[in-house]
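Worksheet: the structure to be examined is printed underneath.
Values quoted throughout were computed directly from the atomic coordinates according to the rules given, and no laboratory measurement underlies them. Being a predicted model, the structure only gives us computed values, none of them experimental. In this analysis, Cβ positions are derived from the backbone assuming ideal geometry, glycine residues included, and neighbour counts consider all displayed protein chains.
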Amino acid sequence: MENTDIRTLSPQAQYELRKLVIRLRKKGMPNQEVAETVGIAETSASTIWQTYQRHGIEAIQPKVRGRRFGAKRILTAEQETAVQKLLIDKTPDQLKLPFALWTRDAIRLVIQQEYRIELPIRTITDYLKRWGFTPQKPVRRAYEQDPKKVTQWLETNHDKIEVF
């Protein structure tokens, strides 16, 4: 029988498997038999049993996985909130920046000026995604454009345009 890699299982499935190993070991079954019965490596069965004996049932329970919330972030929560507010309330030209719209470069420059923190463009992208800002493409036509007037102008003035 092929052994199951415990790491590929969900945390709850891992916990159930660990409890099964402990039950079988309490009945007096040796590690090798337990491992064969459950379908895991003998070293895994031994590790589970040793951990249980040293620290009890709490030690084999599933734990929260991954990074803690906010870990490995360069900006603090207050700085993030302030930058978000800036993006919503102001435009780059109001802050005397050489940009008409908010771009990653503009945001990077604001953070550099305000907090003296230099962030890579990729990190700016991650922050924007986390904050729920999505990339937008400008509309190709003017909002005030009237299709009827455009058609009329093309019909009357098209011949007057000279090509050099």
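General observations
- Given (1) touching a helix residue (DSSP H, G or I) at 6+ places or on another chain (Cβ under 9 Å); (2) not in a loop (DSSP other than H, G, I, E, B), number of the condition I88 does not satisfy: (1)
- Flag for L95 being aliphatic (A, V, I, L, M), within 20 Å of Q136 (Cα to Cα), surrounded by 12 or more Cβ atoms within 10 Å (Cβ to Cβ) and in contact (Cβ under 8 Å) with a residue 12 or more places away in the chain: no
- Scanning the range 34-63 for residues that are part of a helix (DSSP H, G or I) and within 13 Å of N3 (Cα to Cα) gives V34, A35, E36, T37, V38, E42, T43, S44, A45.
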